[in-house]
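J.: Here you go, one structure.
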Number of protein chains: 2
Amino acid sequence: MAELAETMAEPSPGLVSTAIQAITRHIRSEGLAPGDPLPSEAAMTRQLNVSRTVVREAFRSLSAMRLIDMSAGRRATVAKLDTGAMSMVIEHGITTQQISVHQVYDVRRTIEMRTVALAALRRTEAEAAAIAQSAKLMRENFQNPEIVMEHDIAFHEAIAAASHNPVFSLIVTAFSGVTRRTWEIGWRTRSSNEDQLKMIKGHEDIADAILRGDPRLAVEHMAEHFDKSVKALLDAGIA
Amino acid sequence: MAELAETMAEPSPGLVSTAIQAITRHIRSEGLAPGDPLPSEAAMTRQLNVSRTVVREAFRSLSAMRLIDMSAGRRATVAKLDTGAMSMVIEHGITTQQISVHQVYDVRRTIEMRTVALAALRRTEAEAAAIAQSAKLMRENFQNPEIVMEHDIAFHEAIAAASHNPVFSLIVTAFSGVTRRTWEIGWRTRSSNEDQLKMIKGHEDIADAILRGDPRLAVEHMAEHFDKSVKALLDAGIA
DNA sequence: CCCTCAAACCTGTATGACAGGCTGTTATTG
DNA sequence: CAATAACAGCCTGTCATACAGGTTTGAGGG
């Protein structure tokens, strides 16, 4: 068996890629669920007939993508869905200037127009309350930009969660890092307190529409919110 | 300096995470672009004052996320934007049943309603031709499901590319793996050749609307296409 | 039956070694 | 002098070994 895998290996990819595939295949073929343990490194080493170095690099790679969880002394376990890898990819695209903040905002707008509608239709009472709470905390701390930002991010992530589609949550959360980098600019561009409070009012309107279960109104407010945000960024010279 | 980094390290995260951060920080602080070389493992080893084992696992992790490219003999280089990591995350979510195919399709629909509109507005002549070509190849090979599928995937990716927003391309491409897994089911569900050809006609209509630069019509056809595809999957019992 | 604790297992990191790929430089040859 | 071939040096890929420290488990004692 070991030899079979060895002879079947493609020319270039290297042993580590093979090991990664073996592990993911194991997860699938065994039907593992989040929290379930994977084979130990030693077991994998024997099974694949490669050194522990190779196996470790494979495990570590999957851990970096947050497909598995590793911690000292314990065996690796299958991980819950996590946005870690996606965030890294987006961040990488931004820092290497392969994608622009503006492009990210266009995607966010597209997605959040949908999440907000779904949230209005599917939200539980608790979710509606959490969304409204984030908006409320934005207002209460409006003189402290950093805190407002964190509640803003929580607000959008809460809406995505209320859409009851984890894929939306995944993507929205992956963009939060970009928001953290650009938020201050957008905030300062709203020069007056009045503008800033108006922006917070926009969030409250969205929360309200979701609470009332009115998707059309929610989408309308969300669109307005994004249009203003993008305009603020453009005014500040962010491409 | 080395000691400074050592004393500043957080308690648990481990040296590898620190090394990963150091590398990404290096990319950012040096303003590296895709193709630019990174420091050698030996250099990183000295700079961070850790073993080569740790540095290698860090490099390998970034390589797994496709943030850098590695190959024997050469130093690692900054990678072009790639969908590898995202695909893995989505696949992982599906195989561990944390997300459903239906949920992925809802996200795809949301995104592609936008990409198709942008494509109609922004496509170059070459892009419009490529999109139409994929549709044409679907028809020409309609008796061979696998080939039709590949052209179907290429069709949707071409539209995303024509949106001129790489983030959309990234996401759409990340979903292609899911499509490969479910496509056959949707195809077989369209029991008659007539249904299958109708579905291909839908693609041609989309391509046509894009060629004519009519976003409204393009969106309309895309919506119809997705609604039918989702219905086919539902009929087949895919949650 | 419960508590304690040590042995067994597991991961995290370090070190040294060697094979093989890549590159630039040098020496050879026409 | 120019083209080319050989080489040396650097780099990554893989392996073997060792040890520190965390986790689990079960045996033994109370």
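J.: Just the residues that are in a helix (DSSP H, G or I), out of contact with any Gly (no Cβ under 9 Å at 6 or more places or on another chain) and touching a residue at least 24 places away in the same chain (Cβ under 8 Å), please, taken from segment B:157-168.
T.: Correct list: B:Ala158, B:Ile159, B:Ala160, B:Ala161, B:Ala162, B:Phe168.
J.: Looking for whichever is outside the structural domain of A:Ser176 (by TED's automatic domain parsing), on the phi > 0 side of the Ramachandran plot, touching a strand residue (DSSP E or B) at 6+ places or on another chain (Cβ under 7 Å) and not hydrophobic (A, V, I, L, M, F, W, C) here; the options are A:Gly35, A:Gly14, A:Gly31. Which one fits?
T.: That would be A:Gly35, the only listed residue that is outside the structural domain of A:Ser176 (by TED's automatic domain parsing), on the phi > 0 side of the Ramachandran plot, touching a strand residue (DSSP E or B) at 6+ places or on another chain (Cβ under 7 Å) and not hydrophobic (A, V, I, L, M, F, W, C).
J.: Related question: Kindly check whether there is at least one residue in segment B:56-69 that is near DNA strand D (Cβ under 9 Å from one of its atoms), more than 8 Å from every other protein chain (Cβ to nearest Cβ) and either in contact with a strand residue (DSSP E or B) (Cβ under 6 Å, 6 or more places away or on another chain) or of a type in the set (S, T, N, Q) (or both).
T.: no
J.: Let me ask another. Any chance you could count how many residues in segment A:27-42 are within 13 Å of DNA strand C (Cβ to nearest atom), in contact with a helix residue (DSSP H, G or I) (Cβ under 9 Å, 6 or more places away or on another chain) and not in a loop (DSSP other than H, G, I, E, B)?
T.: 2
J.: Would you pick out the residues in segment A:107-123 that are open to solvent by less than 50 Å² (accessible area, probe 1.4 Å), hydrophobic (A, V, I, L, M, F, W, C) and either touching a Pro at 6+ places or on another chain (Cβ under 6 Å) or more than 10 Å from every other protein chain (Cβ to nearest Cβ) (or both)?
T.: A:Val116, A:Ala117, A:Ala119, A:Ala120 - these are the residues of segment A:107-123 that are open to solvent by less than 50 Å² (accessible area, probe 1.4 Å), hydrophobic (A, V, I, L, M, F, W, C) and either touching a Pro at 6+ places or on another chain (Cβ under 6 Å) or more than 10 Å from every other protein chain (Cβ to nearest Cβ) (or both).
J.: Kindly indicate which of A:Val78, A:Val104 is touching a residue at least 40 places away in the same chain (Cβ under 8 Å), within 14 Å of chain B (Cβ to nearest Cβ) and touching a Phe, Trp or Tyr at 6+ places or on another chain (Cβ under 9 Å).
T.: Result: A:Val104 is the single residue among A:Val78, A:Val104 that is touching a residue at least 40 places away in the same chain (Cβ under 8 Å), within 14 Å of chain B (Cβ to nearest Cβ) and touching a Phe, Trp or Tyr at 6+ places or on another chain (Cβ under 9 Å).
J.: With the condition kept exactly as written, say whether any residue in segment A:82-89 is over 19 Å from B:Arg60 (Cα atoms), out of contact with any helix residue (DSSP H, G or I) (no Cβ under 6 Å at 6 or more places or on another chain) and more than 15 Å from DNA strand D (Cβ to nearest atom).
T.: yes
Rundown of residues vs (1) farther than 30 Å from B:Asp36 by Cα; (2) surrounded by fewer than 18 Cβ atoms within 10 Å (Cβ to Cβ); (3) at pLDDT 95 or above, yes/no style:
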position	(1), (2), (3)
B:Ala85	no, no, no
B:Glu125	yes, yes, yes
B:Phe142	yes, yes, no
B:Glu146	yes, yes, no
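J.: Among the residues of segment B:19-41, which ones are near DNA strand D (Cβ under 10 Å from one of its atoms) and either open to solvent by 50 Å² or more (accessible area, probe 1.4 Å) or modelled with pLDDT under 95 (or both)?
T.: B:Pro37
J.: Which ones in segment A:142-156 are farther than 22 Å from A:Phe175 by Cβ and free of Cβ contacts under 8 Å to residues at least 40 places away in the same chain?
T.: Within segment A:142-156, A:Gln143, A:Asn144 meet the criteria.
J.: To continue, here is another question. How many residues, within segment A:57-77, are open to solvent by less than 70 Å² (accessible area, probe 1.4 Å) and part of a loop (DSSP other than H, G, I, E, B)?
T.: So the answer is 2.
J.: Among the residues of segment B:146-167, which ones are under 18 Å from B:His221 (Cβ atoms) and at the interface with chain A (Cβ under 10 Å from one of its Cβ atoms)?
T.: Matches in segment B:146-167: B:Ser163 only.
J.: Right, something else. Which members of segment B:206-218 meet the condition of being more than 15 Å from B:Phe155 (Cα to Cα) and part of a helix (DSSP H, G or I)?
T.: Residues satisfying the conditions are B:Pro215, B:Arg216, B:Leu217.
J.: Looking at the structure I just gave you, is A:Glu30 over 25 Å from B:Thr173 (Cα atoms) and more than 9 Å from chain B (Cβ to nearest Cβ)?
T.: The answer is yes for A:Glu30.
J.: Here's another thing I want to ask about it. Being within 12 Å of another protein chain (Cβ to nearest Cβ), among the β-branched types (Val, Ile, Thr) and in a loop (DSSP other than H, G, I, E, B) is the requirement here; does A:Ile99 meet it?
T.: Spelling it out, A:Ile99 is indeed within 12 Å of another protein chain (Cβ to nearest Cβ), among the β-branched types (Val, Ile, Thr) and in a loop (DSSP other than H, G, I, E, B).
J.: Got at least one residue in segment A:169-184 being modelled with pLDDT of 95 or more and either open to solvent by 60 Å² or more (accessible area, probe 1.4 Å) or outside the structural domain of A:Val101 (by TED's automatic domain parsing) (or both)?
T.: no
The values are calculated or read from the model by the stated rules, or taken from the named source; none is laboratory data. All figures in this text were calculated on a predicted structure; none of them were measured in a lab. In this analysis, Cβ positions are derived from the backbone assuming ideal geometry, glycine residues included, and neighbour counts consider all displayed protein chains. These area figures cover heavy atoms from the full protein model, side chains too; ligands, DNA and RNA do not enter into them. Shrake-Rupley method; radii C 1.70, N 1.55, O 1.52, S 1.80 Å.
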